[in-house]
């Protein structure tokens, strides 16, 4: 699995922002990457997949 350059940058921006709530630390991050990998076609995680995962993570902590 690889990230597109844009997808990697977007995930890093989110992961380092105050809005990212990593309650389980590495376990939450690992689960997010596994979910994105499962959705990626051709072994490459796109920025669209990252955005969907960010939305999902924000819903969990009630940030819509």
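The values are calculated or read from the model by the stated rules, or taken from the named source; none is laboratory data. Bear in mind the structure is a predicted one, so any value in this text is a computation, not a measurement. Glycine also receives a Cβ, built like all others from the backbone with ideal geometry; neighbour counts cover every protein chain displayed.
Below is a table of values for the structure above.
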{"item": "Subset of region 38-64 (residues that are surrounded by 15 or more Cβ atoms within 10 Å (Cβ to Cβ), modelled with pLDDT of 90 or more and either in a helix (DSSP H, G or I) or out of contact with any strand residue (DSSP E or B) (no Cβ under 6 Å at 6 or more places or on another chain) (or both))", "result": "40, 46, 47, 49, 50, 53, 54"}
{"item": "Tabulated pairs, region 47-64, first under 13 Å from residue 32 (Cα atoms), second modelled with pLDDT of 90 or more and outside any loop (DSSP other than H, G, I, E, B), C-beta under 6 angstrom, 6+ apart or interchain", "result": "49/36; 49/39; 50/7; 50/10; 50/11; 53/32; 53/36; 54/14"}
{"item": "Answer residue from region 9-27, given it is in a helix (DSSP H, G or I) and either in contact (Cβ under 8 Å) with a residue 24 or more places away in the chain or in contact with a helix residue (DSSP H, G or I) (Cβ under 6 Å, 6 or more places away or on another chain) (or both) and is surrounded by the most Cβ atoms within 10 Å (Cβ to Cβ) among those", "result": "11"}
